[in-house]
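The values are calculated or read from the model by the stated rules, or taken from the named source; none is laboratory data. Since this is a predicted model, take the numbers as computed values, not measurements. With ligands, DNA and RNA removed, areas are computed over all heavy atoms of the protein, side chains included. Shrake-Rupley method; radii C 1.70, N 1.55, O 1.52, S 1.80 Å.
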Amino acid sequence: MSVEQDTVGNGAPQRQIAAAGGLLWRNGERGLVEVIAVWRPKVGNWSLPKGKLDPGEHPLTAACREVEEETGIPVIPQMRLCRASYVLPNPAGDVLKYVDYWSMRTEKPDAAFTADEEIGERRWITLAEAREALTRPRDQQVLKAFAALPAVTATVILVAPAEAEQDWDGPEVARPLSRRGQDQAVRVAALAALYQPDRAFSATGRASVQTVEPIAQAVRCRLSGDSAFDTEAHERNPERSGNRLRELAGGGGAAIVCAEPEVVSDTVAILADEDGVETPDVSTRPGEAWVLSLSGQKLVGVERL
């Protein structure tokens with residue numbers, strides 16, 4: 001995705017700027033949820049951390065990078081909250097800026113911070129304090145989206161096998177990834193690693209195993225096979241894979257699962273339908289992943305990664 005681009009609306013070109021940020025939260029000492037706010041000396045206000053995408057950068061990658069750069073705190077994304085957009089007046093033509101926000105957690109809330117010209121201070125404040133201090137409408141939009149949700153306690157990254165080798169005359173279960181499929185697996189691994197999964201599971205086919213191997217290696221977690229995510233088992237019992245994902249979510253944290261393509265689409269649809277989460281299109285391409293956000297074992301959010 002480009003950082004800046006020109007589009008045409010009502011016959012006039014309009015420049016767009018893509019940005020991303022996060023609402024980083026923790027359970028405070030007073031038993032209240034606290035979020036991180038940053039002070040921007042140049043504009044004289046408190047806001048949520050955010051920044052522009054680098055050329056070709058994925059919004060989620062940018063969100064994690066920007067929040068850590070502005071706060072000094074390493075983050076783990078949880079759930080996409082919303083997209084805030086606003087117009088920046090400019091003599092050469094107004095600029096439309098949009099910012100994608102994710103909720104985030106951290107294991108190092110007190111990491112070192114160094115002030116600079118852009119960020120003069122960071123501060124943990126309660127949600128009530130944030131509603132008073134963060135005066136920009138876009139920040140209020142993010143706070144509202146976050147407050148409307150139950151706490152996310154688990155993340156499951158559900159990925160379909162990457163593209164398999166077409167020129168293969170061996171057993172189907174042993175069909176490997178193509179060169180393009182290997183590249184897809186590396187791309188998924190780079191994004192999935194942001195969630196720091198501590199468990200990895202795969203359907204029994206070779207392509208499924210090869211798809212999830214890069215992420216298991218990247219975060220140094222054990223990769224286990226699980227036939228619940230095979231097409232054959234799914235056809236016998238379509239609810240089995242969803243129940244298995246709920247079990248994984250019950251342990252908290254994050255897990256990554258590679259399931260056969262039909263299993264991925266059906267499972268997302270079944271879980272979303274059971275828990276009332278809107279998902280207009282569950283079709284899944286090779287190497288594509290879904291981020292399932294759960295509170296306990298209840299699905300509260302679905303995002304195509």
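Accessible area per residue (1.4 Å probe, heavy atoms of protein chains only) ranks Arg304, Arg285 as Arg285, Arg304, with the largest value leading. Straight-distance candidates among the aspartates and glutamates for linking to Lys144, with alpha-carbon spacing under 15 Å and chain neighbours fewer than 8 residues away dropped: Glu34, Asp100, Glu129, Glu132. Max-minus-min Cα coordinates of the stretch 139-205 on each principal axis give 57, 21, 17 Å, with the largest extent listed first. Let me cross-check Tyr86: its accessible surface, 1.4 Å probe, with only protein heavy atoms counted, in Å² to the nearest 10? Accessible area, nearest 10 Å²: 40 Å². Every Cα-Cα pair of the stretch 72-112 was included, and the share exceeding 16 Å stands at 57 percent.
Given in Å, the Rg to one decimal and the Dmax to the nearest whole number for the Cα atoms of the chain are 20.8, 66.
Sequence-distant contacts, meaning Cα pairs under 8 Å at least 6 residues apart, place the relative contact order of the chain at 17 percent. For the chain, set up a GNM with springs between Cα atoms under 10 Å and report which of Gln184, Gln166, Gln210 has the largest fluctuation. The residue with the greatest mean-square fluctuation here is Gln166. Compared with the direct C-alpha span, the chain from Gln16 to Thr279 gains 92.0 nm at full extension, assuming 0.36 nm per residue.
Estimated at 0.36 nm per residue, the fully extended path between Asp169 and Cys82 surpasses their Cα-Cα distance by 26.7 nm. Under 19 Å of direct C-alpha separation, and excluding same-chain neighbours fewer than eight residues apart, Lys298 reaches these aspartates and glutamates: Glu239, Glu247, Asp266, Asp273, Glu274, Asp275, Glu278. Note on the stretch 95-178: Kirkwood radius taken over Cα pairs, Stokes-Einstein applied at 25 °C and 0.890 mPa s, translational D equal to 135 µm² s⁻¹. Note on surface exposure: Ile157, Ile270 rank Ile270, Ile157 by accessible area, highest first, 1.4 Å probe.
Along each principal axis, taking the top coordinate minus the bottom one, the Cα set of the stretch 191-277 gives 32, 28, 19 Å in descending order.
Computed on the Cα trace of the stretch 88-228, the radius of gyration divided by the Kirkwood hydrodynamic radius gives Rg/Rh = 1.13.
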